[in-house]
Every structure is written in C-alpha cells, then in structure tokens.
1. Let me have the relative contact order for the chain, percent, based on Cα pairs under 8 Å that are six or more residues apart.
2. Treat each spin label as a single point 7 Å out from the Cα along the C-beta direction, and report the residue 61 to residue 19 distance in nm.
3. With all protein chains present, how much of the accessible area of the range 8-82 (probe radius 1.4 Å) comes from carbon and sulfur, to the nearest whole percent?
4. What residues from the range 30-49 fall in the zone where the backbone N is under 18 Å from a label point 7 Å along the Cα-to-C-beta line of residue 78?
5. Could you tell me which label, among (i) 18.3, 59; (ii) 24.5, 75; (iii) 19.2, 58, carries the value of Rg and Dmax of the Cα atoms in Å calculated for this structure?
6. For the range 87-237, build the charge dipole from Cβ charges (+1 Lys, Arg; -1 Asp, Glu) around the Cα centre, then report which of 116, 161, 190 sits farthest towards its positive end.
7. Measure out, as a whole number of angstrom, how far apart the alpha-carbon centroids of the range 139-208 and the range 58-111 sit.
8. By average Cβ neighbour count within 10 Å, what is the ranking of 187-195, 19-27, 232-240 from highest down?
Amino acid sequence: MRFASELVPATLIRRYKRFLADVELADGTMITAHVANPGAMTGLQAEGARVWLSKSPSLARKLPYSWELVEADFGGGLELTGVNTMHPNPIVAEALAARTIPELTGYATIRREVKYGRTINGKGSRVDFLLEDPSRPPCYVEVKNVHLMRRTGIAEFPDSVTARGAKHLDELAEMVTSGARAVMLFVIQIGSARSFALARDIDPAYARAFDRARMAGVEALAWTCDLTRQDIRLGRSVPIET
C-alpha cells in the first residue's frame with residue numbers, strides 16, 4: 001500500500017479524545033491531525049515523538065492532516081510504526097492479489113466487506129474478505145491491526161477492550177461450524193516483531209473468545225509489515241504464542 005503523497009514530518013505534542021492529535025510541523029506551525037485509531041496506542045504517543053502525516057487534497061475535510069507513522073523504540077532502537085488502523089485491509093488486499101500469503105492462495109475470487117454472521121437489532125457484521133472457489137469451501141478472513149509491543153520483539157493484541165473483536169471471533173467460529181473455513185489475520189505494523197501473543201491481561205473476554213474460536217477450528221495467522229515513509233507492505237509470517 002503506497003501512500004498517496006509524500007508524508008509530512010512533525011513532532012507530537014499530545015493525542016487526545018482518541019481521534020485527535022496536536023502536532024508541530026517543521027516550520028513551527030501547530031496543527032491538529034486526525035488519528036484513525038480508537039485504541040490506547042500504548043507506547044506510541046509520547047510527547048516529542050517524531051511522527052509522519054499524510055495530507056488530504058480534499059478541501060471539504062475539517063482536518064486535512066492524518067497521523068500515519070510514528071518513530072518508536074521497543075528496545076531495539078527507533079523504528080517506523082504504523083498507527084492508522086484503516087491500512088491493514090488494503091495491505092492485505094494487495095497481498096492476496098499478489099498471492100503473498102501461502103495459506104490464503106488457490107481461490108478464484110476475493111470479495112471485500114461481505115455480510116455474514118448474526119443480525120442484532122437489524123445490524124449484521126461484514127467480514128473483511130471472503131475467498132471463494134468452486135472446488136473448495138469458502139474462506140472468511142477477518143483482519144486486525146496490531147501496534148502494541150510491551151516486550152521487545154513480541155507484538156500483542158488488543159491494546160484496549162474490544163467487544164466487537166470478540167463478537168467477530170464467535171461469528172468466525174459459527175462459519176466453521178456451518179462448513180466454511182475461517183481465518184483471523186493479525187497485521188502487525190511493527191517490522192521488528194518476532195512473534196505475536198494475545199494481551200490477555202488487557203481484555204480477558206477477547207482472549208476467551210479467541211480460545212473458543214481456535215477450539216472450533218478458526219485458524220490464526222500473524223504477519224509483520226515492512227514500513228517506509230513511502231509505503232507499507234506485508235512482510236513475513238511470525239509464530240503465535242499460546
């Protein structure tokens with residue numbers, strides 16, 4: 001996934017109200033940027049951190065700048081880390097088209113945002129990707145963004161309580177029960193990650209849902225990303241710690 005335009009460097013002043021961040025541009029101008037991340041962003045929002053912003057060409061946007069990357073140190077020196085939770089899906093879409101993920105190849109069609117699962121109060125879920133082929137059962141793929149690292153080399157999810165995430169796991173398990181295949185794909189926007197683990201202390205309910213899903217036959221994959229100021233691409237598969 002290539003950024004649409006050259007990213008703008010800035011210094012983080014503070015992040016607040018989850019979706020807002022005050023930053024200082026290189027010329028000293030103070031602006032407020034949009035933060036496409038509802039999580040806690042533990043370790044990624046230190047005052048004075050160097051961040052990178054994209055700028056929308058749309059004149060209709062109230063906040064033209066969006067926070068994309070931050071330079072963070074997880075024990076091995078500063079490295080670029082992605083904070084925009086909207087990016088994993090297009091990153092995975094590119095990887096699926098390029099057949100980068102061996103476990104998810106061999107399907108004739110790839111559809112995005114397909115309705116599935118239970119309907120509650122008239123609202124149902126949409127799976128991120130549905131892979132289909134006449135010769136095999138359909139494969140439901142749910143993608144989660146990962147940007148938490150509390151121990152050097154070990155990426156974790158989630159960084160805050162996510163009831164919606166637990167619901168998705170239960171729905172994936174239901175797809176397996178119905179005869180389909182289901183995969184939870186964790187996309188780690190930290191290139192130095194060597195393994196992945198659940199942050200069970202942060203959201204025990206999600207951890208229980210993950211365990212239920214695995215017992216039901218839901219598969220789990222974790223991949224790092226290669227990040228530059230020009231693009232973000234899926235990097236390599238890493239083991240999942242149980």
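The values are calculated or read from the model by the stated rules, or taken from the named source; none is laboratory data. Remember, it's a predicted structure, so these values are computed and weren't measured experimentally. Note that each Cβ is placed from the backbone with ideal geometry, even for glycine, and that neighbours are counted across all protein chains shown. All accessible areas refer to the heavy atoms of the entire protein, side chains included, with ligands and DNA or RNA removed. Shrake-Rupley method; radii C 1.70, N 1.55, O 1.52, S 1.80 Å.
1. 16
2. 1.4
3. Using a 1.4 Å probe with all protein chains present, the range 8-82 comes out at 55 percent carbon and sulfur.
4. Inside the label zone: 43-49.
5. Comparing each candidate, only (i) matches the computed number.
6. Of the listed residues, the answer is 161.
7. Centre-to-centre (Cα) distance: 16 Å.
8. Highest to lowest by the protection proxy: 187-195, 232-240, 19-27.
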